[in-house]
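Engineer: One structure is given below, represented as structure tokens, and several questions about it will come after.
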Amino acid sequence: MSSSADAVGLDWSAFHPRPVGKPVELQSPASELGAALQRCRRDLTAERAASAEAAASARAEAAEQAALVFRLSAVLQEHDQAMVDAGLKRTSRTLRVVCDQMLSALDRAGLTVVDPVGQPFRDVAAAVEVVGWRHGPDFHDEVVAETVEPIIRHGAEVVRLGRVVMGEPAQGHSSDEEGA
């Protein structure tokens, strides 16, 4: 009795070789675990860096808002009497309350707005950028005469330098303002 393969005449020459997949190199379980831990560590480091960058960006944006709130407060104070004279005393008071609430919110977020006016230069030198000088008899030492922008701190860290005009005694100087 003959088989059906013999009847049709098939033999091994009818089959064509197929490509074999890439050979797999087997690793020990410890090596596989080590590689997985290295991938996790690399991913964690990347996430930490992204998180730190996002936090720094958020602090910078909040510091910008804090400087703007300080400026708003100064403008309100500067124009307070004009608003009262115009019959807007209640509006002036309402704006002052909102400004104070904004400063409180920033304080709760850990940001402190520092107005260095009157402080000696040696005490604020590391936290300010001097944009000008005033010389006059009103100054007995180098002190902050005017705050252009306040110092913004997050905890003990200065996140935004203040911008100030310094005052110093008039000894030997004839101009009231230099470099401003």
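Engineer: Taking into account only those residues within the range 74-95 that are open to solvent by less than 60 Å² (accessible area, probe 1.4 Å) and among the β-branched types (Val, Ile, Thr), which is nearest to Leu111 (Cα to Cα)?
Structural biologist: The residue in question is Val75.
Engineer: Right, something else. Being modelled with pLDDT of 90 or more, in a loop (DSSP other than H, G, I, E, B) and open to solvent by 50 Å² or more (accessible area, probe 1.4 Å) is the filter here, so list the residues in the range 142-155 that pass it.
Structural biologist: Glu142
Engineer: Looking only at the range 12-27, decide whether some residue is of a type in the set (Asp, Glu) and in contact with a Ser or Thr (Cβ under 9 Å, 6 or more places away or on another chain).
Structural biologist: Looking through the range 12-27, none of the residues is of a type in the set (Asp, Glu) and in contact with a Ser or Thr (Cβ under 9 Å, 6 or more places away or on another chain).
Engineer: If you scan the range 48-73, which residues turn out to be of a type in the set (A, V, I, L, M, F, W, C), free of Cβ contacts under 8 Å to residues at least 40 places away in the same chain, closer than 25 Å to Glu149 by Cβ and open to solvent by less than 80 Å² (accessible area, probe 1.4 Å)?
Structural biologist: Residues satisfying the conditions are Ala54, Ala55, Ala56, Ala58, Leu72.
Engineer: Does Thr45 satisfy being without any contact (Cβ under 8 Å) to a residue 40 or more places away in the chain and over 28 Å from the mean Cα position of the chain (by Cα)?
Structural biologist: So Thr45 does not fit the description; no.
The values are calculated or read from the model by the stated rules, or taken from the named source; none is laboratory data. All of these numbers come straight from a predicted model, not from anything done at the bench. Here the Cβ is made from the backbone with ideal geometry for all residues, glycine too, and neighbour counts use every protein chain on show. Calculation scope for accessible area: heavy atoms of the full protein, side chains included, ligands and nucleic acids excluded. Shrake-Rupley method; radii C 1.70, N 1.55, O 1.52, S 1.80 Å.
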